[in-house]
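S.K.: Take this structure, written in structure tokens, and hold onto it; I'll ask about it next.
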Amino acid sequence: MKRKLYRLLLPAAMICSLLAGCGLDLLGNRADTSADSAAIDSAASGIKVIGVAMPTQSAERWINDGANMKEQLEALGYKVDLQYADDDIQAQISQIEHMISKGVSCLVISSVDSFALVDVLEQAKVAGIPVIAYDRLLMDTDAVSYHATFDNKAIGTLMARYVEEKMALATAQEDGRTYNVELFMGSPDDNNAYFVYNGIMEVITPYLESGVLVCQSGQVDFASINTLRWSEETARERCEDILSAYYSDKKLDIVITAFDGLAYGVRTALEGAGYTAGDGWPMITAQDADTMACRNILSGHQTMTIYKDAKVLSEKCVTMVQAVLEDSKPEINDTEQYNNNVLTVPTYLCVPIVVDKDNIEEVIVKGGYYSAEEIGLN
């Protein structure tokens with residue numbers, strides 16, 4: 001009987017071994033074993049694993065952010081489990097739960113939805129895993145140690161001040177000049193979007209009230225102008241609707257968008273409505289300095305963008321990871337603005353920079369962010 005049982009078990013064991021070696025489970029499905037292996041190997045060697053959860057790869061900046069974070073953490077001797085959620089809330093929750101179950105030493109999270117991670121962050125807290133909020137503040141939780149981001153209100157202020165200066169809004173009323181403006185803001189589930197909006201509105205509200213700036217659609221409150229998931233397609237559709245409904249016999253002069261991707265959607269809608277770059281094309285603002293945004297600035301399809309150096313942001317975040325793992329304190333420069341409804345999270349605010357055709361070579365190319373060839377600067 002023992003001999004018969006052995007003969008039955010041996011082939012099964014061999015099959016399991018072969019499947020595991022091919023990265024398959026018993027049903028023949030391919031299993032993702034890379035993160036598990038890294039965690040097991042690291043635990044055995046004493047190397048700490050850092051879980052990095054990024055929201056999406058649909059925007060160039062998040063690819064750069066993830067790569068910079070991974071490179072810098074690995075240079076310090078950490079293992080890194082980098083995951084992208086493709087803007088899927090449940091996928092990101094599952095990814096973070098998996099990281100927690102594998103015993104990562106620290107979590108760095110840039111959320112798909114800033115308000116949706118309360119329960120999984122509580123799991124991290126119970127497991128004793130510190131959490132760093134990367135770029136986007138994690139809301140409604142006390143399970144976050146630090147926050148690294150850019151000065152988001154300053155980003156909005158810089159955009160609006162750029163418009164104010166280039167369009168000479170301060171003297172427009174006495175000259176009898178008025179400009180039509182429309183606004184396209186960020187996602188309502190991203191706390192940063194509100195900061196950007198507030199920075200913009202502090203500057204342009206007096207001009208809206210005086211009539212120097214006229215929003216023909218009347219859509220200036222955040223509830224009317226936000227764009228879920230910062231979607232280019234949603235921005236395009238909304239811009240098409242606005243142009244059709246309010247600008248059939250009027251010219252749109254200024255479009256203040258909060259993100260390069262939104263500006264791309266606006267460009268498509270404008271071209272569909274017959275606008276041509278260099279011939280009555282509106283001033284368009286945005287942020288992130290993607291490759292395409294830089295090309296659009298040089299071609300005249302976008303006026304400016306806000307450059308946010310991903311390496312600087314990731315460097316500050318890495319110092320926070322080191323601090324929580326070494327029981328020390330990182331550099332912080334803001335302890336007032338970023339309240340997540342439970343606590344005010346100690347934050348480091350990096351400095352954003354305005355980029356337009358006049359300084360794009362100096363800031364972007366000479367700064368080493370992109371080559372001249374990448375942005376079409378020949």
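The values are calculated or read from the model by the stated rules, or taken from the named source; none is laboratory data. Quick caveat, the model's predicted, so the values are computed rather than measured. For neighbour counting, all protein chains shown are included, and Cβ atoms are generated from backbone atoms with ideal geometry for every residue, glycine included.
S.K.: Only one of (1) in contact with a Pro (Cβ under 9 Å, 6 or more places away or on another chain); (2) within 25 Å of Tyr307 (Cα to Cα) fails for Ala193. Which number is that?
M.R.: (1)
S.K.: Give the residue, chosen from Val266, Val351, Val324, that is at pLDDT 95 or above and more than 30 Å from Glu182 (Cβ to Cβ).
M.R.: Val324
S.K.: What's the number of the only condition in (1) in the same structural domain as Asn359 (by TED's automatic domain parsing); (2) buried (at least 22 other Cβ atoms within 10 Å of the Cβ); (3) of a type in the set (Lys, Arg) that Arg161 fails to meet?
M.R.: Checking Arg161 against (1) in the same structural domain as Asn359 (by TED's automatic domain parsing); (2) buried (at least 22 other Cβ atoms within 10 Å of the Cβ); (3) of a type in the set (Lys, Arg), the one that fails is (2).
S.K.: Continuing with this model, one more query. Being of a type in the set (Gly, Ala, Ser) and in a loop (DSSP other than H, G, I, E, B) narrows it down to one residue among Gly186, Gly156, Gly199; which is it?
M.R.: So the residue among Gly186, Gly156, Gly199 that is of a type in the set (Gly, Ala, Ser) and in a loop (DSSP other than H, G, I, E, B) is Gly186.
S.K.: Quick check on the stretch 294-309. Is at least one of its residues within 15 Å of Glu71 (Cβ to Cβ) and either surrounded by 17 or more Cβ atoms within 10 Å (Cβ to Cβ) or modelled with pLDDT under 95 (or both)?
M.R.: Yes, that holds for at least one residue.
S.K.: In the same structural domain as Val163 (by TED's automatic domain parsing), crowded, with 23+ Cβ neighbours inside 10 Å and touching a Ser or Thr at 6+ places or on another chain (Cβ under 8 Å): is that true of Thr234 in this structure?
M.R.: In short, no.
S.K.: Continuing with this model, one more query. Any residue in the stretch 177-200 that is over 16 Å from Asp288 (Cα atoms) sitting within a Cβ distance under 7 Å of a residue that is among the aromatic types (Phe, Trp, Tyr)? List the pairs, counting only those 6 or more apart or interchain.
M.R.: Listed pairs, sorted by first residue: Asp189/Phe115; Tyr194/Phe222.
S.K.: Restricting attention to the stretch 333-347, report how many residues are in contact with a strand residue (DSSP E or B) (Cβ under 6 Å, 6 or more places away or on another chain) and either of a type in the set (A, V, I, L, M, F, W, C) or under 19 Å from Arg61 (Cα atoms) (or both).
M.R.: Within the stretch 333-347, residues that are in contact with a strand residue (DSSP E or B) (Cβ under 6 Å, 6 or more places away or on another chain) and either of a type in the set (A, V, I, L, M, F, W, C) or under 19 Å from Arg61 (Cα atoms) (or both) number 1.
S.K.: Quickly run through the stretch 275-291 and pick out the residues that are in contact (Cβ under 8 Å) with a residue 40 or more places away in the chain, of a type outside the set (Gly, Ala, Ser) and buried (at least 19 other Cβ atoms within 10 Å of the Cβ).
M.R.: Thr285, Gln287, Asp288, Asp290
S.K.: Something else about it: For the stretch 195-217, give me the residue count where each residue is in contact with a helix residue (DSSP H, G or I) (Cβ under 7 Å, 6 or more places away or on another chain) and either modelled with pLDDT under 95 or hydroxyl-bearing (Ser, Thr, Tyr) (or both).
M.R.: Total meeting the criteria: 4.
S.K.: OK, next. Only residues that are over 23 Å from Cys350 (Cβ atoms), small (Gly, Ala, Ser) and outside any loop (DSSP other than H, G, I, E, B): list them for the stretch 112-144, please.
M.R.: Ala124, the sole residue that qualifies.
S.K.: For the subset of the stretch 42-89 comprising residues that are assigned to a loop (DSSP other than H, G, I, E, B) and either charged (D, E, K, R) or under 13 Å from Cys317 (Cβ atoms) (or both), which member is farthest from the chain's Cα centre (by Cα)?
M.R.: My answer is Lys48.
S.K.: Another question, if that's okay. Report every pair of residues separated by at least 6 positions or lying on different chains whose Cβ atoms are under 6 Å apart, first residue within the stretch 229-246 and closer than 14 Å to Leu270 by Cβ, second of a type outside the set (S, T, N, Q) and surrounded by fewer than 18 Cβ atoms within 10 Å (Cβ to Cβ).
M.R.: Leu243/Ala273
S.K.: Considering (1) of a type in the set (A, V, I, L, M); (2) assigned by TED's automatic domain parsing to the domain that holds Met69; (3) farther than 19 Å from Asp190 by Cβ; (4) assigned to a loop (DSSP other than H, G, I, E, B), say which one Met320 fails and leave the rest.
M.R.: (4)
S.K.: Among the residues of the stretch 96-111, are any in contact (Cβ under 8 Å) with a residue 24 or more places away in the chain, under 29 Å from Gly46 (Cβ atoms), in a helix (DSSP H, G or I) and touching a Gly at 6+ places or on another chain (Cβ under 6 Å)?
M.R.: yes
S.K.: What residue, among those in the stretch 144-154 that are touching a helix residue (DSSP H, G or I) at 6+ places or on another chain (Cβ under 6 Å) and surrounded by fewer than 22 Cβ atoms within 10 Å (Cβ to Cβ), is farthest from Lys308 (Cα to Cα)?
M.R.: Top of the filtered list is Ser145.
S.K.: Looking at Ser328, is it hydroxyl-bearing (Ser, Thr, Tyr), in a helix (DSSP H, G or I) and either surrounded by 15 or more Cβ atoms within 10 Å (Cβ to Cβ) or outside the structural domain of Arg161 (by TED's automatic domain parsing) (or both)?
M.R.: No: the conditions fail for Ser328.
S.K.: Still on this structure, please answer the following. Among the residues of the stretch 238-288, write down those that are part of a loop (DSSP other than H, G, I, E, B), over 16 Å from Leu213 (Cα atoms) and of a type in the set (Phe, Trp, Tyr).
M.R.: Answer for the stretch 238-288, where residues must be part of a loop (DSSP other than H, G, I, E, B), over 16 Å from Leu213 (Cα atoms) and of a type in the set (Phe, Trp, Tyr): Phe259, Tyr275, Trp281.
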